[in-house]
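Take a look at the structure set out below.
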Amino acid sequence: MDALIVASTSAQQRALTDVLYHEKFNCVVCSTAAEARRASLCRPFDLFIVNSGLADEHGNELAMAISDSNDCGGVFVDDAMRVEQLADELNDCGIITLTRPVTKTALLDAVRLIKVSNARVRELKAQNEELKVKLEDMKFVTRAKIALMRSLGYTEEQAHRYIEKKSMELRVSRRKVAIDILKTYEAI
């Protein structure tokens with residue numbers, strides 16, 4: 001798994017890298033927001049940590065941009081007063097906010113939560129893609145049934161059986177049979 005760490009000092013970078021090392025992350029370390037933006041455009045990340053107070057910007061907008069472009073969760077670290085102001089906006093983007101000083105335990109808990117969330121999101125996306133394919137298949141089959149009913153006077157049940165039978169005989173998907181029917185009886 002890949003992680004992007006954005007912190008202005010080498011001590012902060014080293015501390016954050018050490019925590020992620022134990023969670024088996026490959027870390028890309030940046031010290032400015034501009035550098036982090038370039039890195040996030042070059043490759044996807046599974047997690048990011050932005051320690052506020054960067055040389056070229058505060059870091060909250062960077063965190064939201066990385067979250068949007070990489071479709072992953074992250075951690076934003078800032079002073080308590082600023083975190084209170086930004087927490088709602090960042091949390092809505094899937095970013096966990098932590099206040100300084102950050103304990104190793106709190107950071108590990110946040111990282112583990114993000115790992116679990118990312119796994120669940122990947123699973124839901126895969127299910128969503130499967131459902132999209134099934135819905136698309138159903139659209140073709142339904143259109144093919146309608147074409148058979150109009151052109152050959154089949155009932156819906158007869159059209160359905162015809163498509164099922166052809167699918168089994170030809171050992172192809174119902175979608176393929178439906179597309180062939182549509183090519184024959186109507187312009188797709």
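Rule-based calculations on the coordinates, nothing more; no lab input. The structure presented is a predicted model; accordingly, all values stated were derived computationally and were not measured. When we count neighbours, we look across all protein chains shown, and the Cβ atoms used for this are built from the backbone with ideal geometry, even at glycine.
Calculated from the structure at hand, Kirkwood radius over Cα pairs in Å is found among (1) 19.7; (2) 20.7; (3) 17.7 as (1). Rounded to the nearest 10 degrees, the angle from helix 60-70 to the longest Cα principal axis of the chain is 30 degrees.
Highest average first, the peptides 80-87, 117-124, 130-137 ordered by how many other beta carbon atoms sit within 10 Å of their residues are 80-87, 117-124, 130-137.
Across the cross-link table entries LYS115/LYS139; LYS125/LYS176; LYS132/LYS183; LYS104/LYS132, which are compared at the Cα atoms, the separations over 31 Å belong to LYS115/LYS139; LYS104/LYS132. I'd like the orientation of helix 174-185 relative to the chain: the angle between its Cα long axis and the longest Cα principal axis, in ° from 0 to 90, rounded to 10. Here the helix axis deviates by roughly 50 degrees.
Estimate the FRET efficiency between GLN158 and VAL133 by the formula 1/(1 + (r/R0)^6), using the beta-carbon distance for r and 30 Å for R0, to the nearest 0.05. That gives a FRET efficiency of 0.70.
Between LEU108 and ARG171, what FRET efficiency follows from the Cβ-Cβ distance if R0 is 45 Å, with the result rounded to 0.05? Computed FRET efficiency for LEU108 and ARG171 comes out at 0.30.
For the chain, what is the calculated [θ] at 222 nm in deg cm²/dmol (nearest 500), taking -39500 (n - 2.57) for each run of four or more DSSP H residues and dividing by its residue count? Don't skip to the end; give the middle numbers.
Numbers: 7 runs with 123 residues, N = 188.
Rounded to the nearest 500, it is -22000 deg cm²/dmol.
Taking the longest Cα principal axis of the chain as reference, the axis of helix 156-170 is set at about 80 degrees. Charging the Cβ of each Asp and Glu at -1 and of each Lys and Arg at +1, and nothing else, the dipole of the chain about its Cα centre rounds to 1280 debye.
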